[in-house]
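This report concerns only the one structure given below.
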Amino acid sequence: MALNKEQIAQRIAKELQDGFYVNLGIGIPTLVANYIPEGVNVVLQSENGLLGMGPFPYEGEEDPDLINAGKQTVTTLPGSAIFDSAMSFGMIRAGRVDLTVLGAMEVADNGDIANWKIPGKMVKGMGGAMDLVAAAKNIIVAMQHTNPKGESKLLPKCTLPLTGVNCIKKVVTDLGVFDITDEGFVCIEYAPGVTIDEIKAKTAGRLKIAEDVKEIVL
Amino acid sequence: MNKVVAHADEAVKDINSGATLMLGGFGLCGIPENCIAALVKKGINNLTCISNNAGVDDFGIGLMLQKKQVKKMISSYVGENAEFERQLLSGELEVELIPQGTLATRCMASGYGMPAVYLLAGYGTEVAEGKEVRTFNGKNYILEYAFDSDFAIVKAWKGDTMGNLVFKETARNFNPMMAMAGKITIAEVEHLVQPGEIDPDHIHVPGIYVNRIFQGSNYEKRIEQRTVRKK
C-alpha cells in the first residue's frame, strides 16, 4: 500500500533530531508536528515571526494577535520567542533553521523545485517559499509521487516556473523516500507493498535504486 | 515635539492619490484598521501598496480594493481575495509578487539607510529576471533595492507620545521594519501612553522613526483561520 498523507508525515518525522529548529510548510508538512518522536525536542519556526509554535488554542482562547504562517490561530510555549519578519527571514537565510519541510508541484532530479505558480491559473504568490528553499541547509519535500492525471512529479526538469534551483536534498512521497544526488533521484526506501517496478514506472527523472534499499518502517 | 494626532482622518490627511504606501500586517493580523478605514473614507486612488497580503474581500486592504483605490500591489501572497483576483484578471490592478523575506528585507534596508542588498531568494527563477547577480562564497545572490515609500502605516499594541512603539505577539510581523522605512510614518496604537510609561528596554521601534501617532478605536481584529483544539 502506498503511504497516505499522515504516513508521509510520520516518515518525515523520523528525520527530526533533538534540538532541531524546523519550519513546516502548509499541507502534509504541517502534519509532521503530530509525529515528533518521543524524547526528541524540536522548536517549530513560523516565518511570520514565531519560534516555539505551540498547538492550536482551546476553543474560546483564540488570540487574533497570535497566528502562524498559515494564518491559523496558534499558541506559544514556555521558551517561545517572537520577532519581526526581517529577523525571521534573517535566521532562515543565515542557515539557523535546521530543517524545512514543504510541499511541491514538481521536483527535478537536480534538486530544482516548482511549487508556486501554474501559468494560466490565478497566481497567489510565493509567500516565503523562495526564501526558504534558497537558504535552508536541509529541505525535505513532502508530496504525492504523481499528479491527479497520474503523471510523475519527479522529473528530469521542472516544467512549471521554478521556486528554487539545486536546493532539494530529499523527497518523501506516497511511494518511497528519495535522496537527490549528482546521479539524480536515489530510492533509499519504498512504501510497504509498492514494487520497485512501480517506482521506476512513475519516476520520470533519472532514478537509481540504492543497493541497500529497504521497506519504509513507520 | 508633537507627534500625536487626534484620529486616523488627521493622520492620513496629506496622503493623496498616486502615493506609495507601506501597510503593516501579516494576513489580517496587526493591520492598521483605523487608517485603512480613513483611506477608504478619503476616497483617494491610484495608490501603490506595499504589504505582505492584500486582505480579504471585506476587510483590510480588500476594503480599498473594493473602492478601486489601488493601482498596484507589491506583496508576497495575495490568495484570499476574490475582488483582487477579478481586478487582476481584468487588468485593472497591477501586482508585483516578491518573496516574503525579500519584501521584509527591502523594507529593513530602507530603514537602515542601505540602498540595496544581495539576497539568495529567487536566484534562477523569474524573480531574478533582469537583476544583477553576484557570487559570494560560491553562492549566487540577486541585487534587490530598498523600497522608497511616501508613507508607512503601521499598527502597534502600545506607543508613547514620543512615537516609541511596542508590538504584541505575531502582530509584530512587518510593522517594525515598515515603521522604519516610510518617508512619513504613521502609527496607530491600541494604547497611547505618556513618555516613561514604557520601559526603554522594551521598545521595539524607537520614536525617531515615527512621525505621527494616535490611539485607534473599535479594533475588530478579525481572525482569518480560526483553528482550535478540544479540551
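Summary table below
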read-out	value
Whole-Hz couplings from phi, Karplus 6.51/-1.76/1.60, listed for segment B:90-106; x for Gly and Pro	7, x, 6, 10, 9, 9, 10, 9, 9, x, 4, x, 5, 4, 5, 6, 5
Hz values of 3J(HN,Hα) by residue in segment A:33-46 - Karplus curve (6.51, -1.76, 1.60), Gly and Pro given as x	4, 7, 10, 5, x, 3, x, 9, 9, 10, 10, 8, 9, 10
31 Å Cα-Cα threshold exceeded, pairs from A:157/B:71; B:67/B:231; A:169/B:230; A:121/B:13; A:117/A:208; A:124/A:157	A:157/B:71; B:67/B:231; A:169/B:230; A:121/B:13
Spin-label pair residue A:211/residue B:135, simplified geometry with 7 Å Cα→Cβ offset, distance in nm	3.4 nm
Neighbour-limited loop hits for GluC sites (Glu not before Pro), segment B:72-141 (at most 14 other Cβ within 10 Å; DSSP other than H, G, I, E, B)	B:92, B:129, B:132
Antiparallel bridges, percent of DSSP beta bridges restricted to chain B (to nearest 5)	30 percent
For chain B, calculated [θ]222 nm from helices alone, where every DSSP H run of n ≥ 4 adds -39500 (n - 2.57)	-5000 deg cm²/dmol
Beta bridge orientation in segment B:51-148: antiparallel %, DSSP, nearest 5	70 percent
Prolate/oblate/rounded call for segment B:39-175, Cα gyration tensor, a/c under 1.5 rounded	oblate
GluC sites (Glu not before Pro) within segment A:34-112: DSSP coil, no more than 16 neighbouring Cβ in 10 Å	A:38, A:59, A:61
Under Karplus coefficients 6.51, -1.76 and 1.60, residue-wise ³J(HN,Hα) of segment B:126-142 in Hz, glycine/proline x	5, 4, 8, 4, x, 9, 5, 10, 10, 9, 10, 6, x, 10, 9, 10, 9
Distant-in-sequence amide H partners of residue A:21 (H built 1.01 Å from N, under 5 Å)	A:43, A:98, A:99
Residue-averaged 222 nm ellipticity for chain A, from DSSP H runs of 4+ at -39500 (n - 2.57), nearest 500	-4000 deg cm²/dmol
Interatomic Cα distance distribution for the protein assembly as shown, bins of 20 angstrom, percent	25, 54, 19, 2
Mean separation of Cα contacts under 8 Å (6+ apart) over length of chain B, as relative contact order %	23 percent
Of all DSSP beta bridges in chain A, antiparallel share, percent nearest 5	50 percent
Mean separation of Cα contacts under 8 Å (6+ apart) over length of segment A:5-170, as relative contact order %	22 percent
Approximate spin-label separation residue A:196-residue A:4, in nm, with each point projected 7 Å along Cα-to-Cβ	3.0 nm
Restraint check, B:42/B:158; A:71/B:221; B:42/B:183; A:149/A:214, Cα-Cα greater than 19 Å	B:42/B:158; B:42/B:183; A:149/A:214
For segment A:5-170, Kirkwood radius (reciprocal of mean inverse C-alpha pair distance, Å)	16.5 Å
Highest-fluctuation residue, B:200, B:99, B:176 considered, GNM on chain B with Cα pairs under 10 Å	B:200
Residue mean of other protein chain beta carbons inside 10 Å, B:122-130	6
Aspartates and glutamates whose Cα lies under 18 Å from that of residue A:153, excluding same-chain neighbours fewer than 8 positions away	A:106, A:109, A:112, A:174, A:179, A:183, A:189, A:197, A:198
Residue of A:44, A:154, A:66 that the Gaussian network model of chain A assigns the largest fluctuation, springs spanning Cα pairs under 10 Å	A:66
Shape category assigned to segment A:3-54 from the gyration tensor of Cα positions, a/c cut at 1.5	oblate
Proximal aspartates and glutamates to residue B:68, defined as alpha-carbon separation beneath 15 angstrom and excluding residues fewer than eight positions away on the same chain	B:57, B:58, B:83, B:85, B:92, B:94
Sparse-neighbour loop sites [GluC sites (Glu not before Pro); segment A:130-218; at most 15 other C-beta within 10 Å; DSSP]	A:151, A:183
Highest-MSF residue in chain A out of A:53, A:122, A:143 [GNM, Cα springs under 10 Å]	A:122
Segment B:57-130: proportion of alpha-carbon pairs further apart than 20 angstrom, %	42 percent
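Every number in this text was worked out from the coordinates using simple rules, so none of it is lab data. Computed from a predicted structure; not experimentally measured. As a convention, Cβ positions derive from the backbone with ideal geometry for all residues, glycine included, and neighbour counts pool all protein chains shown.
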